[in-house]
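The values are calculated or read from the model by the stated rules, or taken from the named source; none is laboratory data. Everything numeric here is computed off the predicted structure, so don't read it as measured data. Backbone-built Cβ (ideal geometry, glycine too); neighbour counts: all protein chains shown.
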Amino acid sequence: MPSLFFYLFTAITLGFGLLVVTARNPVTSALCLAMSFVGLAALFISLDAYFIGTIQILVYAGAVMVLFLFIIMLLDIKAEEGKKPNLPAVIGGVVLAVILALQIVTVSSSYSLGKTPLKNAPLSLNKAAETSVLPTISNDLKVGTLPDAKLMGLTLFKQYGFHLQAIGLLLLVGTVGVVVLSKREKGGQDA
Amino acid sequence: MAALLASFDIAFLITSVLKIVFLTFLVILPLVAYSVYAERRFSAVIQDRVGPNRTGIPLTLFGFKKDIQILGIGGLVQPLADGLKFFLKEDFTPDSVNKFYYWLAPALTMVPALLTCVVLPFGSELQLSDLNGLLAWAGLPGFTENVKSVIADLNVGPLFIFAIASLGVYGIVLAGWASNSKYPFLGGVRSSAQMISYELSLGLSIIPVLMIFGDLNLSKMAASQDANGWLLLPFWGDSAPWQNGWNFGRWILLVPIFISFCVFTVSMFAETNRLPFDLAECETELVAGYHTEYSSMKFALFFMGEYAAMIIGSGLAVTFFLGGWSIPFAPVLSQLTGLQFHYVPGSTPLLLGLLHIGTFFAKIIVFILFFILIRWSLPRFRFDQLMKLGWLVMFELALANVILTAVIMAWIPIK
């Protein structure tokens with residue numbers, strides 16, 4: 001059954017991804033991209049990465065794409081409809097995609113751990129439970145579940161704490177910039 | 001093919017399907033229908049009217065003298081009559097609409113609302129090994145362990161609910177856009193702005209809760225509240241004052257928990273587009289907002305989606321703050337009566353399991369009545385007031401609350 005789901009969600013991801021490029025209506029494109037994200041999230045979840053999968057839906061499909069859709073609708077972009085595809089752009093896109101696919105194939109074929117299926121992988125949750133720092137993580141591991149959200153949080157805030165704060169600062173700068181840019185001059189109408 | 005079939009866990013699939021059918025078709029959809037009825041009766045009481053009190057089983061159609069009123073309460077068949085009315089109305093599709101998205105939008109509102117219920121723990125667990133004799137007679141393998149009363153026991157429960165609920169915006173935005181008419185469009189734009197803004201404070205408001213539980217699994221949260229007292233009512237278990245001295249930290253934590261409950265509830269009102277925040281469909285300005293152009297069952301789907309979202313939201317609030325399926329004072333009750341009222345993993349009698357399910361839905365119904373009470377007692381906000389409240393009050397309050405909780409928890413460890 002898992003393999004069936006894999007093919008189903010791969011088909012959803014790739015099929016809607018193709019539609020993003022080929023659809024002529026911008027709203028359709030945006031919605032197809034959202035569907036493609038949902039398929040990708042399902043693939044993440046089938047790899048036991050529940051946290052990444054849910055965040056994928058929450059952030060990309062639920063927030064970013066809604067904003068995209070919002071702007072497309074507000075600007076009422078209709079210029080793309082009925083326009084013929086731009087040939088050099090199509091060729092460039094295909095070439096790029098082929099190069100990327102080749103790269104992935106070469107990298108993954110040289111990755112030896114990728115050849116063992118998950119059920120044969122030497123994965124000992126009990127052993128990991130003994131070495132883990134936080135009691136909540138080791139408790140989960142002892143029961144036999146993988147606490148992916150907790151492990152990710154631990155790694156992010158412990159190992160990459162500084163990087164995380166740097167990114168937070170960058171986002172803050174971006175937000176302040178937007179506020180400054182969109183602030184009207186004195187005497188102008190109040191927003 | 002045989003290998004493929006063997007990879008299916010048949011018992012798991014059957015119990016899951018049964019749970020899905022029970023929760024969505026036997027509980028949530030009837031609850032949606034009857035919350036509409038409760039809303040109409042409750043609002044009538046508030047406004048000193050009678051409300052829908054006539055619809056009974058229509059025996060007068062068959063020549064009898066009187067319609068039967070179930071339980072003597074007038075109008076209990078009203079939801080059925082409403083549903084029938086929606087089915088029989090003309091399903092009108094205006095010419096100017098974008099047909100595909102116009103049809104897609106109602107489904108996109110209803111489906112996420114129902115989908116989120118899969119991670120809600122609606123009961124502790126059911127000991128179905130009593131049925132093993134019957135199953136063995138039918139030649140089927142029996143139950144070896146108790147069945148958990150949750151469809152998918154995910155370790156990212158609240159995040160999953162927020163993620164799927166955030167997809168509900170598409171339905172409203174598309175309805176507004178596809179209708180190709182100005183009032184629906186304004187309604188759709190307003191609603192998506194509102195939902196995106198309040199999603200932030202909704203997500204931030206539960207971070208203190210997650211910090212206190214130290215877990216993202218809704219079933220574990222409910223179980224720990226059953227043992228240690230509800231988050232808003234810590235009167236038994238380890239945090240009770242008569243147990244291991246005054247557990248001071250737990251009592252101070254009530255302050256941030258209460259703030260987070262308030263922010264969560266307000267954001268939930270905004271997320272479900274309920275009054276005082278129903279700017280997306282406010283009839284004095286926008287006719288009916290995003291569903292102006294919809295009729296018959298398509299309109300009903302929007303309507304049901306709103307109520308289903310409300311039920312799931314209530315379920316989430318109950319699970320976070322009000323103990324989920326746990327019976328109040330369960331360990332104390334067990335001590336006093338000698339019967340088991342609290343949840344013990346692996347040995348919970350079937351009757352107690354059912355009682356837990358009943359408790360959960362009783363709490364949800366009380367919360368829905370609270371939703372209705374608010375709707376009929378507060379006036380509607382203005383849109384700029386709503387956005388100001390969201391960004392300048394709720395968001396900051398939730399953020400400060402996270403820091404407050406962290407400081408308290410670092411100062412006085414609760415465990």
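When the residues of the stretch B:343-395 are filtered to those that are assigned to a helix (DSSP H, G or I) and among the basic types (Lys, Arg), which remaining residue is surrounded by the most Cβ atoms within 10 Å (Cβ to Cβ)? Talk me through it step by step, then tell me what you get.
Kept after step one, since they are assigned to a helix (DSSP H, G or I), are these residues of the stretch B:343-395: B:350-377, B:383-395.
Those left that are additionally among the basic types (Lys, Arg): B:363, B:375, B:388.
On the way: B:Lys363: 21, B:Arg375: 18, B:Lys388: 13.
Within the stretch B:343-395, the match that is surrounded by the most Cβ atoms within 10 Å (Cβ to Cβ) is B:Lys363.
Say we look at the stretch B:205-216 and pick out the residues that are in contact with a Ser or Thr (Cβ under 8 Å, 6 or more places away or on another chain) and outside any helix (DSSP H, G or I); which of these is surrounded by the fewest Cβ atoms within 10 Å (Cβ to Cβ)?
Among residues in the stretch B:205-216 that are in contact with a Ser or Thr (Cβ under 8 Å, 6 or more places away or on another chain) and outside any helix (DSSP H, G or I), the one surrounded by the fewest Cβ atoms within 10 Å (Cβ to Cβ) is B:Gly214.
Just give me the residues in the stretch B:136-170 being more than 10 Å from chain A (Cβ to nearest Cβ) and in contact with a Pro (Cβ under 7 Å, 6 or more places away or on another chain), in sequence order.
Within the stretch B:136-170, B:Ser149, B:Val150 qualify.
What's the number of the condition B:Gly338 fails, among (1) at positive phi; (2) over 16 Å from the mean Cα position of the chain (by Cα); (3) in contact (Cβ under 8 Å) with a residue 40 or more places away in the chain?
Here B:Gly338 meets the rest and fails (3).
In the stretch A:26-46, what residues are more than 17 Å from the chain's Cα centre (by Cα) and either among the β-branched types (Val, Ile, Thr) or more than 15 Å from A:Met65 (Cα to Cα) (or both)?
Answer for the stretch A:26-46, where residues must be more than 17 Å from the chain's Cα centre (by Cα) and either among the β-branched types (Val, Ile, Thr) or more than 15 Å from A:Met65 (Cα to Cα) (or both): A:Val27, A:Thr28.
Conditions: (1) among the aliphatic types (A, V, I, L, M); (2) surrounded by fewer than 17 Cβ atoms within 10 Å (Cβ to Cβ); (3) closer than 20 Å to B:Phe261 by Cβ. B:Ile412 meets all but one. Number of the miss?
B:Ile412 satisfies all of (1) among the aliphatic types (A, V, I, L, M); (2) surrounded by fewer than 17 Cβ atoms within 10 Å (Cβ to Cβ); (3) closer than 20 Å to B:Phe261 by Cβ except (3).
With respect to B:Ala300, is the statement that it is touching a residue at least 60 places away in the same chain (Cβ under 8 Å) and farther than 27 Å from B:Leu202 by Cβ true?
Working: touching a residue at least 60 places away in the same chain (Cβ under 8 Å): yes; farther than 27 Å from B:Leu202 by Cβ: no.
No, not satisfied.
Scanning the stretch A:126-150 for residues that are loosely packed, with under 14 Cβ neighbours inside 10 Å and outside any helix (DSSP H, G or I), which turns out nearest to the other protein chains (Cβ to nearest Cβ)?
A:Gly144
Name the residue, out of A:Leu43, A:Leu18, A:Leu67, that is part of a helix (DSSP H, G or I), closer than 23 Å to B:Gly176 by Cα and outside the structural domain of A:Thr145 (by TED's automatic domain parsing).
A:Leu67
Give B:Pro106, B:Pro79, B:Pro52, B:Pro94 a once-over and let me know the one that is buried (at least 18 other Cβ atoms within 10 Å of the Cβ), part of a loop (DSSP other than H, G, I, E, B) and more than 14 Å from chain A (Cβ to nearest Cβ).
Within the list B:Pro106, B:Pro79, B:Pro52, B:Pro94, the selection yields B:Pro52.
Among the residues of the stretch B:213-229 satisfying the criterion of being away from chain A (no Cβ under 12 Å) and of a type in the set (A, V, I, L, M, F, W, C), which is nearest to B:Ser334 (Cα to Cα)?
B:Ala227
Residues in the stretch B:174-204 that are in contact with a Ser or Thr (Cβ under 8 Å, 6 or more places away or on another chain), of a type outside the set (S, T, N, Q), within 16 Å of B:Ala270 (Cβ to Cβ) and modelled with pLDDT of 85 or more: how many?
Adding up the residues that qualify gives 3.
Could you check how many residues of the stretch A:30-55 are within 13 Å of another protein chain (Cβ to nearest Cβ) and hydroxyl-bearing (Ser, Thr, Tyr)?
2
Does A:Val178 fit the bill of being in a loop (DSSP other than H, G, I, E, B), loosely packed, with under 11 Cβ neighbours inside 10 Å and not hydroxyl-bearing (Ser, Thr, Tyr)?
Spelling it out, it is not the case that A:Val178 is in a loop (DSSP other than H, G, I, E, B), loosely packed, with under 11 Cβ neighbours inside 10 Å and not hydroxyl-bearing (Ser, Thr, Tyr).
Does A:Ala166 meet the test of being of a type in the set (Gly, Ala, Ser), within 14 Å of chain B (Cβ to nearest Cβ), surrounded by 10 or more Cβ atoms within 10 Å (Cβ to Cβ) and part of a helix (DSSP H, G or I)?
So A:Ala166 fails the test.
State yes or no: is B:Ala193 buried (at least 23 other Cβ atoms within 10 Å of the Cβ), within 11 Å of chain A (Cβ to nearest Cβ) and touching a residue at least 60 places away in the same chain (Cβ under 8 Å)?
no
Looking at (1) hydroxyl-bearing (Ser, Thr, Tyr); (2) buried (at least 22 other Cβ atoms within 10 Å of the Cβ); (3) at pLDDT below 85, which is the one condition that is false for B:Ser267?
All conditions pass for B:Ser267, except number (3).
Kindly provide the set of residues from the stretch B:161-190 that are part of a helix (DSSP H, G or I), surrounded by fewer than 23 Cβ atoms within 10 Å (Cβ to Cβ) and not aromatic (Phe, Trp, Tyr), ordered by number.
Answer for the stretch B:161-190, where residues must be part of a helix (DSSP H, G or I), surrounded by fewer than 23 Cβ atoms within 10 Å (Cβ to Cβ) and not aromatic (Phe, Trp, Tyr): B:Lys182, B:Leu186, B:Val189.
Determine if the stretch A:110-129 includes at least one residue that is modelled with pLDDT under 85 and over 28 Å from A:Tyr50 (Cβ atoms).
Taking every residue of the stretch A:110-129 in turn, at least one turns out to be modelled with pLDDT under 85 and over 28 Å from A:Tyr50 (Cβ atoms).
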